[in-house]
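First the structure, in the form of structure tokens, and then the observations on it.
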Amino acid sequence: MTIRDFRVALVTSAAMPDLWDDDHPLRDALRQRGVAVDAVCWDDPVADWAAYDLVVLRSPWDYVARHDRFVAWAASVPHLANPADIVAWNTDKRYLSELEAAGIPIIPTTFVAPGESWTAPAEGQWVVKPTVSAGSQDTARYTLPGQADLATAHVERLTTAGRTAMIQPYLSAVDTAGETAVLCTPDETGELTYSHGIRKGPMLTGPNGAPVDPYSEEISPRQPSPAELEVAERVLAVVPGGSKRLLYARVDLIPGPDGAPMLVELELTEPSLFLSTAPGSAERLADAIIARL
């Protein structure tokens, strides 16, 4: 087979049938290399997934309310990147507990499952969100004690709906240093390695009811520090099944109270890769896809 015989599906959702804008550089880089590329909604009932040599998850961001269906769909798709077992594991943020047990410095997190209760801390700023979410959906920031009732009600809404809530302290470094996202793609040997970094500014400005546009992040290029790169490497080293199976990874970090980087999230399913922000990154990912083909 030649490159022109290969077909790749970039998986999206009905809200953006022509892909999220940031994925256009990847689509274009693949087409420039002679690969046939289609944008396909994950829940398209007539999609022929077996017709593609590789199916790459990109922006299927409406899966949250249908999480079980999405996980089952992923398990049915041949040649899926990243793999279906990673999708099942990574789309529920309870994976953070496993990473913490493996020695990864995570933001201290309390999980509240359906049927469990939660007592708001006496003071401080806290973030409440569901363990299954995308684009900051159902996520809010509260200042205690004044907003304790709002925070408690938020947790109760989630658990009453059968969802697991997670509560984390709001780190002040978000407002100053911001988040660092360490983006990794395979090198010429297939080993996942550092590709580029970006800075994300703060998004959460208030309690439930304050609108959050998940696509309004303040994004700028950033070179991660040696400490951030070291933590990212440690995180990827404990991915179930090994990181060499992955086509991409995003490790989100924030400085903790002592300035050392702490893991916010490990994004292995459908993260924004900020390809438009980093020249050459789309081409590197396109070459990695061709290597897999």
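The values are calculated or read from the model by the stated rules, or taken from the named source; none is laboratory data. The structure displayed is predicted, hence computed values, not measured ones. Every residue, glycine as well, gets a Cβ built from its backbone with ideal geometry; the counts of neighbours run over all protein chains shown. For the accessible areas, the whole protein counts, side chains as well, though only heavy atoms, and no ligand, DNA or RNA atoms are used. Shrake-Rupley method; radii C 1.70, N 1.55, O 1.52, S 1.80 Å.
Table for the structure above
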item	result
Inter-residue pairs, beta-carbon under 8 Å, first over 12 Å from Val87 (Cα atoms) and in the range 51-72, second open to solvent by 40 Å² or more (accessible area, probe 1.4 Å) and assigned to a helix (DSSP H, G or I), 6+ apart	Leu54/Arg292
Residues within the range 268-283 that are open to solvent by 30 Å² or more (accessible area, probe 1.4 Å) and either hydrophobic (A, V, I, L, M, F, W, C) or not in a loop (DSSP other than H, G, I, E, B) (or both), tallied	1
Count of the range 87-115 residues which are touching a residue at least 60 places away in the same chain (Cβ under 8 Å) and in contact with a strand residue (DSSP E or B) (Cβ under 9 Å, 6 or more places away or on another chain)	12
Matching option when the condition is within 21 Å of Lys93 (Cβ to Cβ), in contact (Cβ under 8 Å) with a residue 12 or more places away in the chain and out of contact with any Lys or Arg (no Cβ under 6 Å at 6 or more places or on another chain), among Ala232, Ala237, Ala227	Ala232
Some residue of the range 131-151 being under 30 Å from Leu293 (Cα atoms) and open to solvent by 70 Å² or more (accessible area, probe 1.4 Å)	no
Selection from the range 38-58 of residues that are surrounded by 20 or more Cβ atoms within 10 Å (Cβ to Cβ) and assigned to a loop (DSSP other than H, G, I, E, B)	Trp42, Tyr52, Arg58
Set Pro121, Pro207, Pro130: member being at pLDDT below 95 and at negative phi	Pro207
Single unsatisfied condition, Ile219 versus (1) at pLDDT 95 or above; (2) of a type in the set (A, V, I, L, M, F, W, C); (3) under 30 Å from Ile290 (Cβ atoms)	(1)
Subset of the range 12-37 [under 15 Å from Tyr52 (Cα atoms), surrounded by fewer than 19 Cβ atoms within 10 Å (Cβ to Cβ) and either among the aliphatic types (A, V, I, L, M) or touching a residue at least 12 places away in the same chain (Cβ under 8 Å) (or both)]	Gly34, Ala36
Count - residues of the range 64-108 that are more than 20 Å from Leu236 (Cβ to Cβ) and either open to solvent by less than 40 Å² (accessible area, probe 1.4 Å) or assigned to a helix (DSSP H, G or I) (or both)	14
Yes/no for Trp118 being of a type in the set (Phe, Trp, Tyr) and assigned to a loop (DSSP other than H, G, I, E, B)	yes
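Residue-by-condition table, conditions (1) among the small types (Gly, Ala, Ser); (2) assigned to a strand (DSSP E or B); (3) touching a residue at least 12 places away in the same chain (Cβ under 8 Å):
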site	(1), (2), (3)
Trp126	no, yes, yes
Val155	no, no, yes
Gly162	yes, no, yes
Thr189	no, no, no
